[in-house]
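The values are calculated or read from the model by the stated rules, or taken from the named source; none is laboratory data. These numbers come from a predicted model, not from an experiment. In this analysis, Cβ positions are derived from the backbone assuming ideal geometry, glycine residues included, and neighbour counts consider all displayed protein chains.
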Amino acid sequence: METHEIERLIRISKEHPLLPETYIPWQDDPLPGDVFLPERLNSLHGLPVYDTLTPGQKLDLGRHETVQVMYSYGWGEQLFCLFVNRYILDIPPHHAEHRFLIREVIEEYRHQEMFTQAIMRLNGDPVKPTRWHRFAGTFTAKYLPPDFMFMTGLSVELVTDKYGYYLRKEPGVYNVLKKVNELHSIEEGRHIHFTKGLLERYTAKAGFFKKTLYSLLVLGNIYFLRSLYIRKEIYQRIGIPDPEKLYRIAYRNYKAKFAENCLGGVVEFVNDFGGFNLLTRPLWKSILGVRF
Ligand SMILES: [Fe+2]
Ligand SMILES: [Fe+2]
């Protein structure tokens with residue numbers, strides 16, 4: 001990415017900062033009929049069990065699952081900031097890349113605070129990441145090389161972008177959530193643009209082996225993210241019998257919905273750098289349910 005282009009992104013970030021304190025109408029209560037998550041994004045819609053739920057249970061399912069998504073974003077952004085702080089230590093502070101990444105972490109910290117506040121506004125009680133999630137997340141943020149970490153960050157941002165799209169655009173979503181996602185999408189648009197430009201440096205000279213590795217890394221990240229969203233504890237909370245059994249059915253249901261609604265940007269990105277081949281394509285199909 002050209003320096004003048006990075007300078008443009010820095011300028012927009014400075015001249016048009018979006019502060020969650022003033023941008024989000026925190027005082028707004030949900031209107032009658034408002035939802036916290038569009039049906040296309042919840043894990044049970046499309047299954048016969050969904051039609052047996054009361055309106056209150058449906059609303060609560062959306063509330064818990066949206067809380068889970070926001071909690072996962074905040075946690076993922078914390079890990080990403082951990083990596084960026086390590087990465088910029090080696091770049092002189094006057095370099096455009098260093099200064100952009102400072103702007104990016106400033107925005108990411110604001111996002112983390114915003115997600116926490118939104119969770120509190122929904123009286124949310126997120127299901128915490130498992131020990132395995134924590135190990136994998138911390139290990140990657142501390143030890144993965146920059147190209148792998150930027151690839152990781154971008155995979156999450158591209159999925160977030162799709163989720164945010166539905167929360168902003170579908171009618172009847174609680175206004176606070178709509179505005180949270182609006183703010184996030186505007187600022188993440190710049191991060192995505194910058195990271196795609198930065199990654200070209202690596203993907204342009206990558207051979208078959210490296211492209212395969214990148215593709216598997218993106219796949220692993222999406223798999224990881226998806227497993228943070230859907231948790232059986234939520235079915236327990238809303239009083240559905242046999243949450244263990246339901247989880248297995250819901251997992252398959254959500255896998256198909258997630259592939260259909262949320263993976264467009266990621267698939268396009270992997271396709272652009274040539275990450276689909278004889279080895280990776282079957283894995284994308286079986287693990288993430290992507291149809292080619
Ligand atoms: Fe963010
Ligand atoms: Fe970001």
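Here the condition is being touching a Pro at 6+ places or on another chain (Cβ under 9 Å) and closer than 30 Å to residue 175 by Cβ; of 62, 56, 76, it holds for 62 alone.
As a summary of the residue check, residue 244 satisfies the conditions (1) part of a helix (DSSP H, G or I); (2) touching a residue at least 40 places away in the same chain (Cβ under 8 Å); (3) not aliphatic (A, V, I, L, M) except for the one numbered (2). Being away from ligand 2 (no atom under 11 Å from the Cβ) and under 16 Å from residue 66 (Cβ atoms) is the filter here, so list the residues in segment 143-170 that pass it. Within segment 143-170, 159, 162, 163, 164, 165, 166, 167, 168, 169, 170 qualify. Restricting attention to segment 62-105 and to residues that are of a type in the set (Val, Ile, Thr) and either assigned to a helix (DSSP H, G or I) or farther than 17 Å from residue 147 by Cβ (or both), the residue that is farthest from the chain's Cα centre (by Cα) turns out to be 88.
Of the residues making up segment 181-219, those that are touching a residue at least 24 places away in the same chain (Cβ under 8 Å), hydrophobic (A, V, I, L, M, F, W, C) and either outside any helix (DSSP H, G or I) or more than 12 Å from ligand 1 (Cβ to nearest atom) (or both) are 194, 198, 199, 206, 208, 216, 217, 218, 219.
Within segment 271-292, residues that are closer than 18 Å to residue 200 by Cβ reach partners that are buried (at least 18 other Cβ atoms within 10 Å of the Cβ) and at pLDDT 95 or above with beta carbons closer than 6 Å, at six or more positions or on different chains, in the pairs 273/203; 274/211; 275/211; 275/214; 275/215.
The set of residues in segment 56-113 being among the acidic types (Asp, Glu), away from ligand 1 (no atom under 12 Å from the Cβ) and within 24 Å of residue 143 (Cα to Cα) consists of 90, 97. Just one residue in the set 96, 118 is buried (at least 20 other Cβ atoms within 10 Å of the Cβ), away from ligand 2 (no atom under 13 Å from the Cβ) and either under 30 Å from residue 2 (Cβ atoms) or among the small types (Gly, Ala, Ser) (or both); that residue is 118.
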